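Following: one structure in structure tokens, then a few remarks.
The values are calculated or read from the model by the stated rules, or taken from the named source; none is laboratory data. Here the structure is a predicted model, which is why all the values come from computation and not from measurement. Counting neighbours? That spans all protein chains shown, and the Cβs are built from the backbone with ideal geometry, glycine included. SASA here: full protein model, heavy atoms, side chains in, ligands and nucleic acids out. Shrake-Rupley method; radii C 1.70, N 1.55, O 1.52, S 1.80 Å.
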Amino acid sequence: MATINLVDLQKSYGGNVMAVKGVNLSVADGELIVLVGPSGCGKSTLLRMVAGLESVTAGRIEINGRDVAKAEPAERDIAMVFQNYALYPHMTVRGNLEYGLKNRGTPRAEIDRRVTEAADILEIGPMLDRKPRELSGGQRQRVAMGRAIVREPSAFLFDEPLSNLDAKLRVQMRVEIRKLQRRLKTTSLYVTHDQLEAMTLADRLVVMNSGLVEQIGTPTEVYDSPATLFVAGFIGSPPMNLIPIEAMAAAEGFANVNLPPNTDIIGLRADQLVIERPEGETLVLDGIVELLEPIGGESHLHVSVAGQTLILRVPGRPELTDGAQIKLYAPPSAMHPFNRETGRRTDHIA
Amino acid sequence: MVENRPLLNILTHLVLIVGVVIVAFPVYLAFIASTHGADAFARGLAPMLPGPHMIENYHRMLTSGLSSAGAPPVWLMLINSTIMALTIAIGKIAISIISAYAIVYFKFPFRLLAFWMIFITLMLPVEVRIIPTFKVVADLGMLNSYAGLTIPLIASATATFLFRQFFLTIPDELMEAARVDGAGPLKFFRDILLPLSRTNIAALFVILFIYGWVQYLWPLLVTTDSRYYTIVMGIKRLAASADADPYWNLVMAAVMLAMLPPVLVIIFMQRLFVKGLVETEK
């Protein structure tokens, strides 16, 4: 059980390449924080700094109020789950679970108790005497988590733990990680580039881009009011449509809307644009159908509006041919106003 | 690539059999020769079937040797060779695995330079640097000693390089996981790297043992006292008797005895050896 505080944390390689450019983050006890961003955004570096696997260029890392920025990984009371599991190949599953405990001189009885307990939680009891190479990917993942659990650490650090699994197993393990974390109430930092994984797992999301934090908030906050253009484009699938204000000007009803000053980009979520006129006040955009992608229960509709391609998520499979004229509707309240220059929202929700 | 044609099978077997015969025939001849009396070769015709003097020849070579050729009994030379080969193999492995560990896992100034310095010695085998090496060994008073026989041959770029390449294939996460698990550098080396290198060590041991066993030039130079003769150079002395025909039957008995230990090492370490050469699974 622990709180983690990152204060102006920086990392540079060779003096001029800044991987992490000053990150501040407070993690409450028992919280699951997901760091999400495109590759190269510094999220893994950040996690590895917390783990003690990367040196800290500047700033502080506090775990339970103690500055650990210079401490060895083993002294930080954390446990880490690696992307490729990093199980010791020559040890049995039991050996893998025990290794960390043995190194810190845990008494034999205590080791046995914790290993049995972790094996029960993760249902890997029957595999304890097997070697990692005899296990499937999902089982290895469980062992890797087991190795973290037996340590009973202050915090779990997950470095893209699911990205080596196939899609189906990934969803299953995602749910299990969430349940496990709720049950153990261990403070966790979780790194992923998969925004769906991030949305479903997180208590709070930290969206990162090129070494900086773009937004910190609950998944709902981040989805409903993205703080920056980057977040707007990164979270949500298909991504939010970002339309220059000139392209919106022709829309019926747009002139009546009061936009905050300096707004020059309008964001509209794919599921807030509809093709049937809704009740009440609405914007109306004229467009031409470019492509209809059926994906089962719903379809993605690509529509060209004043030279911009917008993507809509529409229920079912509407009968539309490519090139057809179409009207799109959206309530004025669905608009997210941004400024191109600063990349930030122009209203003050976030 | 798996084809199953009878004619092709026969042909491939034929080629293999011919190859085996070519390799094995001289060994067979040597064995036959070692079982005959001294007069069997005087007629100029080598016998093809075993003779009656096998036990006698081997017994004589093992216990008393050929004093006329200035060689000690074979058992002493066998022991010397074993000591030399074992020391070289174990020494080379110990030193090179440690230096490879340092080069791969530690960041220190001139790390790359250190690696290349080791690597470049590959181009300077004993034969090339034999006179300066001899001078150094002589000045250190190591002539006619096991230290003189082994130490100059222990430093090994090949083994260092092999271990380096192997360590590079071990994912960094393993080291990081060990660090999080509270294992320091020595613990990581002992608990993780050494067990993982087991098959590599075995394969290298076989190769290096034989390398040490067949050393000829170096022992010939640094030993003048027959107490330190090794078997391979000893055979040369047996064959070069000054004023008479060599006792080929006895020389061949020594040859057969000299071949035995490397063969035994291979037989006993074969499984690990092959695994070390072909294993890719980490």
If I ask for residues that are assigned to a loop (DSSP other than H, G, I, E, B), buried (at least 19 other Cβ atoms within 10 Å of the Cβ) and in contact (Cβ under 8 Å) with a residue 24 or more places away in the chain, which ones from the range A:57-82 would you list? A:Phe82
Screening B:Trp218, B:Trp248 for residues that are under 16 Å from the mean Cα position of the chain (by Cα) and either under 25 Å from B:Ala147 (Cα atoms) or open to solvent by 70 Å² or more (accessible area, probe 1.4 Å) (or both) leaves only B:Trp218
Would you be able to say whether some residue in the range B:161-176 is β-branched (Val, Ile, Thr), open to solvent by less than 70 Å² (accessible area, probe 1.4 Å) and modelled with pLDDT under 90? no
Going through the range A:84-94 one residue at a time, which ones are open to solvent by less than 50 Å² (accessible area, probe 1.4 Å) and within 32 Å of the chain's Cα centre (by Cα)? A:Tyr85, A:Ala86, A:Leu87, A:Tyr88, A:Pro89, A:Val93
Out of the range A:83-95, which residues are facing another protein chain (nearest Cβ under 10 Å) and assigned to a loop (DSSP other than H, G, I, E, B)? A:Gln83, A:Asn84, A:Tyr85, A:Ala86, A:Leu87, A:Tyr88, A:Pro89, A:His90, A:Met91
Cross-chain or 6+ apart pairs with Cβ under 6 Å, the range B:165-177 first and charged (D, E, K, R), then buried (at least 20 other Cβ atoms within 10 Å of the Cβ): B:Glu173/A:Phe82; B:Glu173/A:Ala86; B:Glu176/A:Leu53
Within the bounds of the range B:136-153, is there any residue that is open to solvent by 70 Å² or more (accessible area, probe 1.4 Å), farther than 19 Å from B:Ala94 by Cβ and within 14 Å of chain A (Cβ to nearest Cβ)? no
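Rundown of residues vs (1) open to solvent by 20 Å² or more (accessible area, probe 1.4 Å); (2) within 14 Å of chain B (Cβ to nearest Cβ), yes/no style:
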{"position": "A:Lys102", "(1), (2)": "yes, yes"}
{"position": "A:Pro107", "(1), (2)": "yes, no"}
{"position": "A:Ala118", "(1), (2)": "no, no"}
{"position": "A:Gly125", "(1), (2)": "yes, no"}
{"position": "A:Arg130", "(1), (2)": "yes, no"}
{"position": "A:Arg142", "(1), (2)": "yes, no"}
{"position": "A:Glu152", "(1), (2)": "yes, yes"}
{"position": "A:Arg182", "(1), (2)": "yes, no"}
{"position": "A:Glu197", "(1), (2)": "no, no"}
Select from the range A:241-262 the residues that are of a type in the set (Val, Ile, Thr) and surrounded by fewer than 18 Cβ atoms within 10 Å (Cβ to Cβ) and list them in ascending order. A:Ile245, A:Val257
Among the residues that make up the range B:189-202, is at least one of them crowded, with 20+ Cβ neighbours inside 10 Å, in a helix (DSSP H, G or I), within 12 Å of chain A (Cβ to nearest Cβ) and touching a strand residue (DSSP E or B) at 6+ places or on another chain (Cβ under 8 Å)? no
Scan the helices (runs of 4 or more DSSP H) fully inside the range B:1-110 and keep the ones with 1 or more residues being closer than 30 Å to B:Phe166 by Cα and touching a residue at least 12 places away in the same chain (Cβ under 8 Å). B:74-105
Enumerate the pairs (first residue in the range A:1-30 and over 11 Å from A:Val56 (Cβ atoms) and modelled with pLDDT under 90; second residue anywhere and of a type in the set (A, V, I, L, M, F, W, C) and surrounded by 16 or more Cβ atoms within 10 Å (Cβ to Cβ)) with beta-carbon separation below 8 Å, excluding pairs fewer than 6 apart on the same chain, so at least 6 apart or on different chains. A:Ala2/A:Ile63; A:Ala2/A:Ala155; A:Tyr13/A:Ala19
Out of the residues in the range A:2-52 that are within 14 Å of chain B (Cβ to nearest Cβ) and within 17 Å of the chain's Cα centre (by Cα), which is farthest from A:Glu214 (Cα to Cα)? A:Arg48
Scan B:Ala178, B:Ala183 and give me the residue that is at the interface with another protein chain (Cβ under 10 Å from one of its Cβ atoms) and in a loop (DSSP other than H, G, I, E, B). B:Ala183
In the range A:289-300, which residues are in contact (Cβ under 8 Å) with a residue 12 or more places away in the chain and either open to solvent by 50 Å² or more (accessible area, probe 1.4 Å) or farther than 17 Å from A:Arg317 by Cα (or both)? A:Glu290, A:Leu291, A:Pro294, A:Gly297, A:Glu298
Does at least one position in the range A:213-230 carry a residue that is part of a helix (DSSP H, G or I), touching a Phe, Trp or Tyr at 6+ places or on another chain (Cβ under 8 Å) and open to solvent by 10 Å² or more (accessible area, probe 1.4 Å)? yes
Failed criterion for B:Ile118 (all others in (1) at pLDDT 90 or above; (2) closer than 30 Å to B:Asp172 by Cβ hold): (1)
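Here's the yes/no breakdown for (1) acidic (Asp, Glu); (2) outside the structural domain of A:Pro244 (by TED's automatic domain parsing); (3) under 21 Å from A:Pro239 (Cβ atoms); (4) open to solvent by 30 Å² or more (accessible area, probe 1.4 Å):
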site: A:Gly287; (1), (2), (3), (4): no, no, yes, no
site: A:His302; (1), (2), (3), (4): no, no, yes, yes
site: A:Arg313; (1), (2), (3), (4): no, no, yes, yes
site: A:Thr321; (1), (2), (3), (4): no, no, no, yes
